[in-house]
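Let me begin by presenting the structure, written as structure tokens, before commenting on it.
The values are calculated or read from the model by the stated rules, or taken from the named source; none is laboratory data. Everything quoted here is computed from the prediction, not taken from an experiment. Methodologically, a virtual Cβ is constructed for each residue, glycine included, from the backbone with ideal geometry; neighbour enumeration extends over all protein chains shown. Ligands, DNA and RNA are excluded from the accessible area calculation, which covers all protein heavy atoms including side chains. Shrake-Rupley method; radii C 1.70, N 1.55, O 1.52, S 1.80 Å.
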Amino acid sequence: MDSIGSSGLRQGEETLSCSEEGLPGPSDSSELVQECLQQFKVTRAQLQQIQASLLGSMEQALRGQASPAPAVRMLPTYVGSTPHGTEQGDFVVLELGATGASLRVLWVTLTGIEGHRVEPRSQEFVIPQEVMLGAGQQSTLISWTKGFRCSGVEGQDVVQLLRDAIRRQGAYNIDVVAVVNDTVGTMMGCEPGVRPCEVGLVVDTGTNACYMEEARHVAVLDEDRGRVCVSVEWGSFSDDGALGPVLTTFDHTLDHESLNPGAQRFEKMIGGLYLGELVRLVLAHLARCGVLFGGCTSPALLSQGSILLEHVAEMEDPSTGAARVHAILQDLGLSPGASDVELVQHVCAAVCTRAAQLCAAALAAVLSCLQHSREQQTLQVAVATGGRVCERHPRFCSVLQGTVMLLAPECDVSLIPSVDGGGRGVAMVTAVAARLAAHRRLLEETLAPFRLNHDQLAAVQAQMRKAMAKGLRGEASSLRMLPTFVRATPDGSERGDFLALDLGGTNFRVLLVRVTTGVQITSEIYSIPETVAQGSGQQLFDHIVDCIVDFQQKQGLSGQSLPLGFTFSFPCRQLGLDQGILLNWTKGFKASDCEGQDVVSLLREAITRRQAVELNVVAIVNDTVGTMMSCGYEDPRCEIGLIVGTGTNACYMEELRNVAGVPGDSGRMCINMEWGAFGDDGSLAMLSTRFDASVDQASINPGKQRFEKMISGMYLGEIVRHILLHLTSLGVLFRGQQIQRLQTRDIFKTKFLSEIESDSLALRQVRAILEDLGLPLTSDDALMVLEVCQAVSQRAAQLCGAGVAAVVEKIRENRGLEELAVSVGVDGTLYKLHPRFSSLVAATVRELAPRCVVTFLQSEDGSGKGAALVTAVACRLAQLTRV
Ligand code: BG6
Ligand code: GLC
């Protein structure tokens, strides 16, 4: 019987066989040694070539390119996220060892508390009784890890068998949840730290790595969002061009004598199964050449598999010392001399250093791939390492790290040894999957009220129609339907220089508009500080006049009394073109003593106070009207004005006969709908969410402008912020940490929605914006924030579309037409900057008003031009009546 020595080697039966050709002289032997060890030296250029070739194969495999067949497989796993650290629960993990001979059962408890780890309990072969769940315990999830190249199909079958077996037993309440590659388990088991752990590296019997790739780069998935863990399967890498120059005669022999000649060439230079064998082949060669062991070999030295990874690791370990090397060699039936011990250590070092360097080239390729797909200049990442080579070899990881730094200098990598093999990581895979599913459910529940269906939108359209009719008849309605006294669009014969003011949007502007055969505009933007917008009315109007005086001076217009058109973007009851009673402030304005006053008089009084100027205020127009007129100058079919900016509103040409309170039955008049107030009578209550209620309550006009608060730029960012706060309180976002800055009102600007949604795939903007706000963001968070923004802006655009559909249908019916072709002049930052808003509005209008062909024209010159044109028309008409 063989006896197994303490080092695992056979003892006793070996007999030495020695070279009969005489031993080489000292200089010959040193040459032979050099020649042998030199073969294992890999240059930086060779490593770079392997890195580049591997990267090329990885990208080719990701793209799904079949021919020529890529040298690595890049298998997507169904792991879509890395741990947050909040995962908790009890999990059973079955680990089938590399040989399939041993089954380890682990009971893993995740506490969900940072830094608080419970050691997993494990047992070989026997399923412990505590797996049986008692009353009150949650269902337990089982995960399955195969130590070695687990194939998906086999895995599925095994899972089914396991499920059947568990069902037959009847006594257990266990669900089989995941089949996990060991690299994935290693990555997932990494404790969440400062940098994200998004790469798992295993160097055990074989070698492989996985990393988190952007799902959109993985062609086979057909998925454009989120991330997925990809198993590289780099062991099979075998590019002759790149690997050929580093293959030694020993590699060829090893491959030739292996069970799978020609396959897994890369793995055969790195994996623990092969390192001992390479050392053995070199030692046997040197012994045969007479350089080692006095030219003697032993049967053990000549037998495949007699030197194991553990021996190599021990022989190289300076702490175990030469005596241990001696003992190991003796166990092999050899009689080493003092110089033999040193040389054997050199051989071990050469073989293992090369392995670590090759592994580093492969890891560098993965890091480059990660960096490319994240489009980042520099990458900070943690790599979880596992497997016996990483764990037991004294220098493997330090050589690996040093070489990676040389090959991928732009990546800042820290290697984190896996704590308890793959077990915890596999439990984590199921825990993360459970967390993602729970979070998705909560996200869907939260966003469900924002997803409006056709019937809901049609109901909004119908209610809007009712409210329009009531408002026009002068009955109580949330739509005021204010007559504007604008009856005609310009006919092109208007001429002259006009001043215009544009107050109520993002910018306050003063403009000089020259109308000849075309229109020329010179303008200046002035700020209205919040203290002025919310101070006294006198202060506000004095400030406006100051700005006009400044503008006149700059333009050399001082002393001239040009006709002035005033775009005043607030609800006014007009008694004529130049008389408008401010009904109430909207948006951020709240200047005192203005509501109920004629705005033109307030302006004239301020002019009188300033004495130095003379101004001739001819017309006051809403921004919707200014926009309609401005676009109408280019396209006579433009009979609707729409604003989706800080606020939202629309105007359109209504038949005079339908407008109560304005004399005359023929012709048309432009009606300022003030649709921002739609729903202030409670008619939108069924669509209002808790977030709308919070935004409304915190605004300066609670209960007012309910439609506007669901649509316009002043409020969408706030709605998103309230949803993010809610999701954080549910633990769905930002790992459930309440973040002070998110409590700050208006911190999430509506322009962020436009920026975030313009970049829906790479999510770079989401990250940049939220990191700027000091919000700690994971990639799952980024995706969820994007989905929140999309839900909020989509609802806004659809509600706006329902409003436009109501207006165009009204015009069509007014005119008794089967079909109506009409244009809408549009302005406002939200409409103009948001990537999908305009197309969503148009799509909703097509759906709800199929008999109208509606063209949307974006106003390029702002509504000041329209105000000047209204003034010009008024001046033309006044001249006509004077003649
Ligand atoms: C401008 C118009 O272009 O758009 C203003 O000139 C209008 O009259 C404004 O009020 C609306 O958009 P916002 O985003 O500035 O409120
Ligand atoms: C607010 C104003 C309205 C204006 C709209 C767009 O709703 O009340 O008059 O047209 O904002 O600026």
**OP:** Being touching a residue at least 60 places away in the same chain (Cβ under 8 Å) and away from ligand 2 (no atom under 14 Å from the Cβ) is the filter here, so list the residues in region 473-482 that pass it.
**Re:** R473, G474, A476, S477
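Has region 574-597 got any residue that is assigned to a strand (DSSP E or B) and within 46 Å of the chain's Cα centre (by Cα)? Break it down stepwise before answering.
Taking region 574-597 as the starting set, the residues that turn out to be assigned to a strand (DSSP E or B) are 574-576, 579-582, 592.
Checking which are within 46 Å of the chain's Cα centre (by Cα) leaves us with 582, 592.
The answer is yes; a qualifying residue exists.
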Subject >> Residue count, region 304-359 (criterion: of a type in the set (S, T, Y), part of a helix (DSSP H, G or I) and under 19 Å from L254 (Cα atoms)) >> reply: 1
**OP:** Looking only at region 748-794, count how many residues are at pLDDT 80 or above, farther than 19 Å from R195 by Cβ, of a type in the set (G, A, S) and open to solvent by 30 Å² or more (accessible area, probe 1.4 Å).
**Re:** 1
Subject >> Criterion (of a type in the set (A, V, I, L, M), within 27 Å of A459 (Cβ to Cβ), touching a Cys at 6+ places or on another chain (Cβ under 8 Å) and away from ligand 2 (no atom under 16 Å from the Cβ)) met by exactly one of M673, M686, M653 >> reply: M653
**OP:** For region 670-715, enumerate the residues that are on the phi > 0 side of the Ramachandran plot and within 16 Å of ligand 1 (Cβ to nearest atom).
**Re:** E674, Q705
Subject >> For I416: the one exception among (1) touching a helix residue (DSSP H, G or I) at 6+ places or on another chain (Cβ under 9 Å); (2) within 15 Å of C197 (Cα to Cα) >> reply: (1)
Original post:
Limited to region 703-738, what total is found for residues that are more than 16 Å from ligand 2 (Cβ to nearest atom), open to solvent by 20 Å² or more (accessible area, probe 1.4 Å) and not in a helix (DSSP H, G or I)?
Top reply: 4
**OP:** Please find, among D681, D635, D692, the residue that is more than 29 Å from N453 (Cα to Cα), away from ligand 2 (no atom under 15 Å from the Cβ) and of a type in the set (D, E).
**Re:** D635
Original post:
Out of curiosity, is D593 touching a strand residue (DSSP E or B) at 6+ places or on another chain (Cβ under 9 Å), within 15 Å of ligand 1 (Cβ to nearest atom) and open to solvent by 10 Å² or more (accessible area, probe 1.4 Å)?
Top reply: no
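Out of all the residues in region 769-784, is one or more closer than 17 Å to T829 by Cα, assigned to a loop (DSSP other than H, G, I, E, B) and not basic (K, R)?
No.
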Subject >> Subset of region 835-864 [over 17 Å from L457 (Cβ atoms) and either out of contact with any helix residue (DSSP H, G or I) (no Cβ under 7 Å at 6 or more places or on another chain) or open to solvent by less than 10 Å² (accessible area, probe 1.4 Å) (or both)] >> reply: V853, T855, S859, E860, G862, S863, G864
Original post:
Looking at S601, S569, S592, S561, which is the one that is more than 16 Å from ligand 2 (Cβ to nearest atom) and in contact with a Gly (Cβ under 9 Å, 6 or more places away or on another chain)?
Top reply: S592
**OP:** Check region 800-807 and report whether any residue there is away from ligand 1 (no atom under 16 Å from the Cβ), part of a helix (DSSP H, G or I), under 19 Å from Q461 (Cα atoms) and among the β-branched types (V, I, T).
**Re:** yes
**OP:** Could you list, in sequence order, all residues of region 830-883 that are closer than 27 Å to N453 by Cβ and within 13 Å of ligand 1 (Cβ to nearest atom)?
**Re:** L830, Y831, H834, F837
Original post:
So which residues in region 354-407 are surrounded by fewer than 20 Cβ atoms within 10 Å (Cβ to Cβ), closer than 28 Å to H217 by Cα and at pLDDT 95 or above, if there are any at all?
Top reply: Q401, M405, L406
**OP:** Scan region 637-669 for residues that are in a strand (DSSP E or B), away from ligand 1 (no atom under 15 Å from the Cβ) and under 19 Å from L857 (Cα atoms) and report the count.
**Re:** 5
